[in-house]
């Protein structure tokens, strides 16, 4: 499916999907802002450097890639209803939005442990009443969090290197995310990627001028930015490149719910 929109924001919506709502390519102004609405959102800086603010947490000078195939990713986790502001830079940002499962509403100490409580001035830490400890504010389940490259596992498979951006055991309720560049003249069989999460459905984003995707019911040549929903964790999917590399992101949704 092709992206539609303007020079600032282009999107693909997934109206028939259970978990995945949409994926967006944002080329923000300086400054600029979006809000996640009702969706849990995974953010990857494709290229460029920005000062970022998620909710009330600031991360200055994030991102270092000149293009999405050059260097390691930097990511942000955004819970629902979170404003996301950028400034002091330019580039392109990938946004993947998914619905969260319905869960029992937390109460008492459990509810207090979902978001940072009693922030300790100047420390970046907040009190967790369930453990009685002061923890980094970003680590709370409902807090925005910046994830630098050192947080990601690197997995070699089929001549490619997969960056595990959101691991299956990461705090995100719905999403797990892998990034990979498929070099020119290679084929990546998705089933060969180890330790992929269980998933009800998977969003595949591909950026590449000389690539093709084959999956159950899909045989598509890629001529630019494309996004599609795969069944389950995409076991029957393969990405093949010819004369140029292709940049790919897998957003696994559902975590087996």
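The values are calculated or read from the model by the stated rules, or taken from the named source; none is laboratory data. Just so it is clear, the model here is predicted, and its values are computed rather than measured. Positions of Cβ are generated from backbone atoms using ideal geometry, with glycine treated the same way; all protein chains shown enter the neighbour counts.
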Residues in the range 60-79 that are more than 17 Å from the chain's Cα centre (by Cα) and either crowded, with 21+ Cβ neighbours inside 10 Å or touching a residue at least 40 places away in the same chain (Cβ under 8 Å) (or both) total 0
Which of the strands (runs of 3 or more DSSP E) contained wholly in the range 43-135 include at least 2 residues that are at pLDDT below 95, touching a helix residue (DSSP H, G or I) at 6+ places or on another chain (Cβ under 8 Å) and under 26 Å from residue 167 (Cβ atoms)? 125-128
Within the bounds of the range 232-239, is there any residue that is under 23 Å from residue 10 (Cβ atoms), over 19 Å from the mean Cα position of the chain (by Cα), assigned to a strand (DSSP E or B) and modelled with pLDDT of 95 or more? yes
Go through the range 3-42 and give me each residue that's under 24 Å from residue 70 (Cα atoms) and assigned to a strand (DSSP E or B). 9, 10, 11, 23, 24, 25, 26, 41, 42
Residue check for residue 206: assigned to a strand (DSSP E or B), over 28 Å from residue 78 (Cα atoms) and in contact (Cβ under 8 Å) with a residue 24 or more places away in the chain: no
Boolean, residue 161 is in contact with a strand residue (DSSP E or B) (Cβ under 6 Å, 6 or more places away or on another chain), more than 20 Å from residue 40 (Cα to Cα) and either modelled with pLDDT of 95 or more or surrounded by fewer than 21 Cβ atoms within 10 Å (Cβ to Cβ) (or both): yes
Could you tell me whether residue 50 is touching a strand residue (DSSP E or B) at 6+ places or on another chain (Cβ under 8 Å), buried (at least 17 other Cβ atoms within 10 Å of the Cβ) and touching a residue at least 40 places away in the same chain (Cβ under 8 Å)? yes
